[in-house]
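Enquirer: Pasting a structure here, questions to come.
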Amino acid sequence: MWVVGRHWGRRERALLWGVLVATWDAAWGQLRYSVPEEVPKGSFVGDVAKDLGLQLPTLQDRGVRVIDRGRTQYFALHGKTGHLVTAERIDREQLCTTVQQCVLRCEVIVEGEMQIYEIEVEITDINDNAPSFKEVVLEEKISEVTAPGSRFPLAGAHDPDSGSNSVQSYELSGDKHFSLAVQTGPGGDQRPELVLAKALDREEAAFHELVLRASDGGEPARTGTARIRVVVLDANDNAPVFSQAEYTVRVPEDVPVGSTLVMVTATDADEGLNGHVEYSLKKITEIASQIFQLDSQTGAITLVRSLDFEDGDTYEVE
Ligand SMILES: [Ca+2]
Ligand SMILES: [Ca+2]
Ligand SMILES: [Ca+2]
Ligand SMILES: [Ca+2]
């Protein structure tokens, strides 16, 4: 039986090292294997017995230990075959968050021979994570008078996998007013930017819904998406427009004072204060100003003095 999974104390190890150094017989060796992350427990890593030239029957008589250098026992030696196998699920993203090359080290100690063998196992990446955005719904506020070609940086996606299994490209869809540019940062990271491709018009469309998709380079590729809602901010780019260019009103001369003779209406397509319409008279004769009054808010023109046909038969105001 192999003794596997036992954690050796510092004193115990120091003692063993002392013995090993004392009886050194050029038996120091190093083995290097690689295994993909996330393989099931018990998966083959390397044929330690064969690579060390150890005879299986003799191997079984001797005390052979696998000591992992970390806290967790990730590897074990399979008794009958002499194979190094995984003893745990190994998650590369959890083990090696910052380093590119993820290597675990363990030692095989053959006590009967007073030999120690160092084993390095490289944990290779698999594409088990999809790119993801911190915010899945983004809002961008852009004025309708923004010049085409303007750029708006967007937050990129994150994919904890390594190399080509990490984020490789971005794609934008949903609206012809926008296109996508991708800048490469100093560390080789990709930075998506929203580019205004076509002038906006709030009066035509106050919102634009876009989808930003990040893809990794795995086979098959995994993707992550974020929705971008562009809110078009109003600018005062419309003048009020009257419902008619000219209003002609015929009234009998005995119409009572206080009557509304005509209601002029103008509309402005802009929003809020930009779209607020107030009425005023630009050109009016002295006499007409004594007869008619315009309500600046409603556009109602009312009679304030009785009409007398003899005074005049037409009045023109602007
Ligand atoms: Ca993983
Ligand atoms: Ca990935
Ligand atoms: Ca991975
Ligand atoms: Ca406007």
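The values are calculated or read from the model by the stated rules, or taken from the named source; none is laboratory data. Keep in mind the model is a prediction, meaning the values are calculated, not measured. Glycine gets a Cβ as well: all are built from the backbone with ideal geometry, and neighbour counts include every protein chain shown. SASA here: full protein model, heavy atoms, side chains in, ligands and nucleic acids out. Shrake-Rupley method; radii C 1.70, N 1.55, O 1.52, S 1.80 Å.
Enquirer: Those residues that are touching a Leu at 6+ places or on another chain (Cβ under 9 Å), closer than 17 Å to ILE123 by Cβ, at pLDDT 75 or above and in a loop (DSSP other than H, G, I, E, B), I need them from the range 45-71; list them, please.
Expert: none
Enquirer: Continuing with the same structure: Please enumerate the residues belonging to the range 227-245 that are small (Gly, Ala, Ser) and surrounded by 16 or more Cβ atoms within 10 Å (Cβ to Cβ).
Expert: Scanning the range 227-245 gives a single hit, ALA235.
Enquirer: Going by what's in this entry, would PRO160 be described as part of a loop (DSSP other than H, G, I, E, B) and either among the small types (Gly, Ala, Ser) or touching a strand residue (DSSP E or B) at 6+ places or on another chain (Cβ under 6 Å) (or both)? Break it down stepwise before answering.
Expert: Numbers: part of a loop (DSSP other than H, G, I, E, B): yes; either among the small types (Gly, Ala, Ser) or touching a strand residue (DSSP E or B) at 6+ places or on another chain (Cβ under 6 Å) (or both): no.
Criteria not met by PRO160.
Enquirer: Is it the case, given these coordinates, that LYS134 is open to solvent by 30 Å² or more (accessible area, probe 1.4 Å), on the phi < 0 side of the Ramachandran plot and part of a strand (DSSP E or B)?
Expert: Judged against the criteria, LYS134 is not a match.
Enquirer: Please indicate, with yes or no, whether at least one residue in the range 155-175 is aromatic (Phe, Trp, Tyr), outside the structural domain of GLU271 (by TED's automatic domain parsing) and more than 30 Å from CYS96 (Cβ to Cβ).
Expert: no
Enquirer: Is it the case that the range 249-265 has a residue that's within 49 Å of the chain's Cα centre (by Cα) and touching a residue at least 24 places away in the same chain (Cβ under 8 Å)?
Expert: Within the range 249-265, one or more residues are within 49 Å of the chain's Cα centre (by Cα) and touching a residue at least 24 places away in the same chain (Cβ under 8 Å).
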